[in-house]
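Only one structure is covered here, and it is reproduced in the block below.
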Amino acid sequence: MRQPACLPLCGLLVLIASCVSEPPPSPKPAFDASNPFFAPSSLPFQAAAFDKIKDADFKPAIEEGIRENETEIQRIADDTAAPTFANTVVALEKSGQLLTRTSLVFSMLTGANTDDTLQKIEADEAAGLAALNDTLFLNSKLFARVKTVYDQREQLNLDPESKRLIEYYKQKFDLAGAGLSDAAKDTLKQWNKEEAGLTVAFEHKVLAANEAGAMVVGDTTALAGLSSSQIQSAADAAKAKKLDGKWLIPLQNTTQQPDLQYLSDRKTRQQLFDSSWMRAEKSDSNDTRKVVARIAQLRVKKAKLLGYANYAQWVLMDQMAHDPETVGHFLDRLVPAVTKKAAGEAADIQALIDQQKGGFKLQPYDWNFYSEQVRKAKYDLNEAEIKPYFVLDSVLKNGVFYAANLLYGLTFSERKDLPVYNKDVRVFNVIDADGKPLGLFYCDYFQRDNKNGGAWMSNLVAQSKLLNTQPVIYNIANFAKPLEGEPALISFSDVTTMFHEFGHGLHGLFADQQYPSLSGANTARDFVEFPSQFNEHWALDPKVFAHYAHHYKTGAPMPQTLVDKIKRSGTFNQGYDYTELLAAATLDLQWHELTNDSLVTDVDAFDADALHRTHLDLPQVPSRYRSSYFLHIWSNGYAAGYYAYSWTKMLADDAFSWFGEHGGLTRANGQRFREMILSRGNTIEYGKMFRDFRGHDPDIKPMLQGLGIQ
Ligand SMILES: [Zn+2]
């Protein structure tokens, strides 16, 4: 299971979270026709002119883009004509084009091919972009115009997408606090500013706590079980900290640490686990608990000021789940099945410990070490045996593209005439079933030092009929690069990642919207991972699999025994994985369901109560994150949203079960999914969109079956 961390970065940068401060003073930089962002690119599909774009072009283009957008917003707000859909809402959709076309290229490069200059620009421009967000959503005059159009919406004879757009804007203004009095707005801005500062403080403390919490040992006997290269990197890591002659194991963000599965010395395992568990709770300068409590308190205050009982209610207003009760029920339905599976897995592990005459009771720090042995015994899956069958180029063309051809009639042809920012980047024409060009697909799969970790999708150009643009989509990943002249062999997890990211890609490519704000993957956080998780299913479809999984030397298909092993191992340890994930999700939800704005004084007691109340306090299965180092919810924008990835898995598995009931992988079924889900962007309420396709509300059973739980 991957970390819930590959939300598309799509959307306009002007919509980033608000944080109020003045843009840094700077002399007006030159911005004229010599800048490649001055006008839309003249390349096919307005593809980015990477051969002309230089780092130095971004700062003037972003700053001019912000100025231009501010002027446009003010002009719309100051219009003396009576507010209409066209002069207010459509005008907003048309605004900010310079900033958008610059920002989309900028965020592709800062994510996938960054350098010091780009990072500095990113930091320098953050405040200006946040201020622009306030200029838009806290503008009283503009809000009054939007509200007038909104109130008249039933009489305006609007088509459904236009009606959805005015509702979308009204909600955005409401949620941002546009309807508050000037005094209340000032208070809100002040709290937003304090929260933004605390969020950064939290990040810095966790970063420092991770570093200070690294485990240091004085001799290698403690590291028994690690490979010689792992021990060498531990020695190198110690040396880098001037701890010559020692060994250092750095901490990862999660509670469980990857090396726990190898370390055979139980004391070392406990030491490493405790370092992780206690990292941010040592009553030193890296202790985050006071910061956490204050952020939570500010969020209650903000929610109340905005008219909501709690912060989760406010966050969930524009999400598919819509309210905290629905999320709570969803988690409650999963908990009994998932924890029962985890208890069974714990019993298997305890049996193994007893069989080896361990003489102790399973603890969290033992889990990965013994579950790895259970995995080997039960599934006997060897990566080295599998990889020769997964050649990246074949997975892409004969797997990912092939499935899209069978389901949706798409064809692909590589083109070499468009400029790219690195020679590993490839570009494909995407041709629709009727032979018409649909868009462009860029992929950049290999790991590089100047690329963020993980995998993600976004748009270089967003689809919009209003702006006359077709989608330009990209997928980024971090697969190991082969040596020169050798084929790229990838793991099955990488194969799944390719299908996953291309699922996001299809959501972007099939976008068929008038308005950019509602286009393609610009959807709620608890919906956006639905098309991608859905697309993962085709990786193991027999017809698709047989078409791409061939041995790179002999061309032979993968033996059925190996295929079966891959399928069976998919359910391994899912009780544990989902229990730790749900534990984190319930911590997130309960912090943001607080209705009392007094300060929580004991963060640990809060965690313990929250887990106990929801029956997620299994002694051997700690939460994936403790509140004291839960970056997703305190600084990474997942507040009241950590459930989303499990939620969209429910949608994906239930939608896939519809295919199972209707003949599986057929062109007709694909077309139906495209028409009812993939091409709809955010033009229909998500629950209705799903129901129309599936025939009922999302059912959790297919997901549980897929996890081997029911
Ligand atoms: Zn994703």
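The values are calculated or read from the model by the stated rules, or taken from the named source; none is laboratory data. Every value quoted in this text rests on a predicted model; they were computed, and no experiment measured them. FYI the Cβ positions are ideal-geometry reconstructions off the backbone, even for glycines, and counts take in every protein chain you see. To get the accessible areas, we keep the full protein, side chains included, count just its heavy atoms, and leave off ligands, DNA and RNA. Shrake-Rupley method; radii C 1.70, N 1.55, O 1.52, S 1.80 Å.
A few points about this structure:
- Only a single criterion out of (1) open to solvent by 50 Å² or more (accessible area, probe 1.4 Å); (2) outside any loop (DSSP other than H, G, I, E, B) is not satisfied by Asn157, namely (2).
- If you go through the stretch 523-544 and keep only what is away from the ligand (no atom under 12 Å from the Cβ), of a type in the set (Asp, Glu) and either free of Cβ contacts under 8 Å to residues at least 12 places away in the same chain or open to solvent by less than 10 Å² (accessible area, probe 1.4 Å) (or both), you end up with just Asp526.
- Lone unmet requirement of (1) open to solvent by less than 60 Å² (accessible area, probe 1.4 Å); (2) out of contact with any helix residue (DSSP H, G or I) (no Cβ under 8 Å at 6 or more places or on another chain); (3) over 30 Å from Val563 (Cα atoms) for Ser413: (3)
- Residue in the stretch 447-477 that is farthest from Val427 (Cα to Cα), counting only those that are out of contact with any helix residue (DSSP H, G or I) (no Cβ under 9 Å at 6 or more places or on another chain) and modelled with pLDDT of 95 or more: Lys465
- Screening Gly435 on (1) open to solvent by 40 Å² or more (accessible area, probe 1.4 Å); (2) closer than 27 Å to Ala480 by Cβ shows it passes everything except condition (2).
- Of all residues in the stretch 265-287, those satisfying the criterion of being open to solvent by 20 Å² or more (accessible area, probe 1.4 Å) and of a type in the set (D, E, K, R) are Asp265, Arg266, Lys267, Asp274, Lys282, Asp284, Asp287.
- For the stretch 452-468, the set of residues classified as open to solvent by less than 20 Å² (accessible area, probe 1.4 Å) and more than 16 Å from the ligand (Cβ to nearest atom) consists of Leu460, Val461, Gln463, Ser464, listed by residue number.
- Scanning the stretch 222-278 for residues that are at pLDDT 95 or above, in a helix (DSSP H, G or I) and of a type in the set (Ser, Thr, Tyr) yields Thr268, Ser275, Ser276.
- Test result for Ser229, among the small types (Gly, Ala, Ser) and surrounded by 17 or more Cβ atoms within 10 Å (Cβ to Cβ): no
- Residue within the stretch 589-609 that is under 30 Å from Lys397 (Cβ atoms), crowded, with 24+ Cβ neighbours inside 10 Å and in contact (Cβ under 8 Å) with a residue 60 or more places away in the chain present: no
- When the residues of the stretch 511-522 are filtered to those that are within 16 Å of the ligand (Cβ to nearest atom) and closer than 26 Å to Asn398 by Cα, the one that is farthest from the chain's Cα centre (by Cα) is Gly520.
- Picking from residues in the stretch 473-510 that are in a loop (DSSP other than H, G, I, E, B) and either open to solvent by less than 10 Å² (accessible area, probe 1.4 Å) or within 16 Å of the ligand (Cβ to nearest atom) (or both), the one that is nearest to Val461 (Cα to Cα) is Phe510.
Results for (1) out of contact with any Phe, Trp or Tyr (no Cβ under 6 Å at 6 or more places or on another chain); (2) at pLDDT below 95; (3) among the β-branched types (Val, Ile, Thr); (4) in the same structural domain as Gln447 (by TED's automatic domain parsing), shown as yes or no for each residue.
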position: Pro487; (1), (2), (3), (4): no, yes, no, yes
position: His504; (1), (2), (3), (4): yes, no, no, yes
position: Gly508; (1), (2), (3), (4): yes, no, no, yes
position: Asn522; (1), (2), (3), (4): yes, no, no, yes
position: Phe530; (1), (2), (3), (4): yes, no, no, yes
position: Lys553; (1), (2), (3), (4): yes, no, no, yes
position: Thr561; (1), (2), (3), (4): yes, yes, yes, yes
position: Trp591; (1), (2), (3), (4): yes, no, no, no
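- Of the criteria (1) over 30 Å from Met278 (Cβ atoms); (2) of a type in the set (Gly, Ala, Ser); (3) assigned to a helix (DSSP H, G or I), which one Gly179 fails: (3)
- When Leu13, Leu43, Leu99 are screened for being out of contact with any strand residue (DSSP E or B) (no Cβ under 7 Å at 6 or more places or on another chain), open to solvent by less than 70 Å² (accessible area, probe 1.4 Å), at pLDDT below 95 and not polar (S, T, N, Q), only Leu13 passes.
- In the stretch 183-221, residue surrounded by the most Cβ atoms within 10 Å (Cβ to Cβ) [restricted to those that are part of a helix (DSSP H, G or I) and of a type in the set (Asp, Glu)]: Glu195
- Search result, residues across the stretch 78-99 that are part of a helix (DSSP H, G or I) and either hydroxyl-bearing (Ser, Thr, Tyr) or within 20 Å of Glu167 (Cβ to Cβ) (or both): Phe85, Ala86, Asn87, Thr88, Val89, Val90, Ala91, Leu92, Glu93, Lys94
- Flag for Asp393 being on the phi < 0 side of the Ramachandran plot, free of Cβ contacts under 8 Å to residues at least 60 places away in the same chain and assigned by TED's automatic domain parsing to the domain that holds Gly503: no
- Conditions (1) assigned to a helix (DSSP H, G or I); (2) modelled with pLDDT of 95 or more: number failed by Arg568: (2)
- For the stretch 138-159, a residue qualifies if it is within 31 Å of the chain's Cα centre (by Cα) and either among the acidic types (Asp, Glu) or modelled with pLDDT under 95 (or both), and the qualifying residues are Leu138, Asn139.
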